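In what follows, a structure is listed as structure tokens, so that the remarks can point back to it.
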Amino acid sequence: ASTLGAAAAEKGRYFGTAVAANHLGESAYANTLNTEFNSVTPENEMKWDAVEPSRGSFSYGSADQIVNHAQSRGMKVRGHTLVWHSQLPGWVGSLGAADLRTAMNNHITQVMTHWKGKIHSWDVVNEAFQDGSSGARRSSPFQDKLGNGFIEEAFRTARAADPAAKLCYNDYNTDGVNAKSNAVYNMVRDFKARGVPIDCVGFQSHFNSASPVPSDYQANLQRFADLGVDVQITELDIEGSGSAQATSYSNVVKACLAVTRCTGVTVWGVTDKYSWRASGTPLLFDGNYNKKPAYTAVLTAL
Ligand code: XIL
């Protein structure tokens, strides 16, 4: 196949990208998206501050633009993200525990219901663990006021809201075997043992020279898959250029293909010029939408 999406589809996978609604009107952006990718993740438009900026008042317009664009072209949509400490409006953090629980469950239910049947996988909870060796939960309004149980409560609420959506836990610095990924692993194992609904684990995979593709990346994906969940590469970008960057991208794609339950790869943007990582050139297309060596390496690996 001659495009990323078609090549991935031949392997039973999707190949997606993060999309920003405000770039869809740029023809080169839309053309590259439409030609190469068969799954999209709204980069910011489904986050809490975007969809429920004040309590109980929901605004879906920007995300709807992306969902409609994708659906009319047969692309899948990943939902990102329901419960996260970041891009969280101030009002959420001001609530007491009882109100916060109600607000969290209402947010999940309203948002998932709005797009019910249109989202293949949802990042139900994002980045709930700390970096470093502790394996502890990260401080957030949810963690601090509701305790460890907020994660399973979020997943149970999500399952009830859209039973057809795959429910994912998503995080970064969990790409190799380390204390943080061990903590996530133990949570997923516990959820599976107790029947808490979870279907997938997302590995963000933001890599750079300080945090390169781990040598045990595939083994780490595999150990999660062996718990009985799908795994997905959800926000891939790799700083660098040329053949070194291309090799790293190729290694990521090969690792996913080697894991039967790795169902797809999403890169975190279409073009270097709109990457959230201001320093560098971490994506597959340069600022003029030319294919980079990393693009060719991915297509070859697929
Ligand atoms: C980033 C977006 O790319 C930026 O546009 C925004 O300013 C901040 O968030 N982990 C995640 C993503 O789960 O939602 C983040 O996206 C990148 C890190």
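Values in this text are rule-based calculations from the coordinates and carry no lab data. Please read all numbers here as calculations on a predicted model, not as lab measurements. Glycine gets a Cβ as well: all are built from the backbone with ideal geometry, and neighbour counts include every protein chain shown.
Structural remarks
- In order along segment 9-21, the phi-based Karplus estimate (6.51 cos²θ - 1.76 cosθ + 1.60, θ = phi - 60°) of 3J(HN,Hα) comes to 4, 4, 9, x, 10, 10, 10, x, 9, 5, 10, 10, 4 Hz; Gly and Pro are listed as x.
- At R0 = 22 Å, FRET efficiency that the Cβ-Cβ distance of residue 177 and residue 300 yields, to 0.05: 0.20
- Residue 215-residue 91 pseudo-label distance in nm [points 7 Å out on the Cα-to-Cβ vector]: 5.2 nm
- Rounded to 10°, Cα long-axis angle of helix 97-114 versus longest principal axis of the chain: 40 degrees
- Separation in nanometres of the label points that stand 7 Å from Cα toward Cβ, at residue 113 and residue 288: 5.1 nm
- The modelled label-to-label distance between residue 273 and residue 194, using points 7 Å beyond Cα along the C-beta direction, is 5.0 nm.
- Square roots of five times the Cα gyration tensor eigenvalues for segment 190-270, Å: 26, 12, 11
- Computed [θ] at 222 nm, helices only, for the chain once each DSSP H run of length n ≥ 4 contributes -39500 (n - 2.57): -12000 deg cm²/dmol
- Peptide ranges 185-197, 226-238, 251-263, 275-287 listed from the most packed, as the mean C-beta count within 10 angstrom indicates: 226-238, 251-263, 275-287, 185-197
- Treating each Cα of the chain as an identical point scatterer and summing with the Debye formula, the log10 of I(q)/I(0) at q = 0.08 Å⁻¹ comes to -0.32.
- Cα-based Lys pair tally, segment 100-186, threshold under 23 Å, eight or more apart or on separate chains: 4
- From most to least packed by mean Cβ count within 10 Å, the peptides 109-116, 168-175, 9-16, 32-39 give 168-175, 32-39, 9-16, 109-116.
- The string of couplings for segment 45-54 from the Karplus curve (6.51, -1.76, 1.60, θ = phi - 60°) is 6, 9, 6, 4, 5, 7, 9, 9, x, 10 Hz, one whole number per residue in order, with x for Gly and Pro.
- Reducing segment 220-281 and segment 23-81 to their Cα centroids gives an inter-centroid distance of 20 Å.
- Calculated from backbone phi, Karplus (6.51, -1.76, 1.60) coupling profile of segment 245-262 in Hz, x at Gly/Pro: 5, 4, 5, 4, 4, 4, 5, 5, 5, 4, 5, 4, 5, 7, 10, 3, 8, 7
- FRET efficiency for the pair residue 247 and residue 26, taken as 1/(1 + (r/R0)^6) with r the Cβ-Cβ distance and R0 = 22 Å, rounds to 0.15.
- Under 5 Å, built H, 5+ apart or other chain: amide partners of residue 234: 203, 204, 266
- Dimensionless Rg ratio for segment 10-131, taking C-alpha atoms and the 2.2 N^0.38 Å reference: 1.13
- Taking each residue as 0.36 nm, the span from residue 73 to residue 3 lengthens on full extension beyond its C-alpha to C-alpha distance by 23.7 nm.
- Its Cα gyration tensor gives segment 246-292 an equivalent ellipsoid. The semi-axes, each the square root of 5 times an eigenvalue, are 23, 11, 9 Å from largest down.
- Long-range amide H partners of residue 79 with built H, under 5 Å: 120, 121, 122, 123
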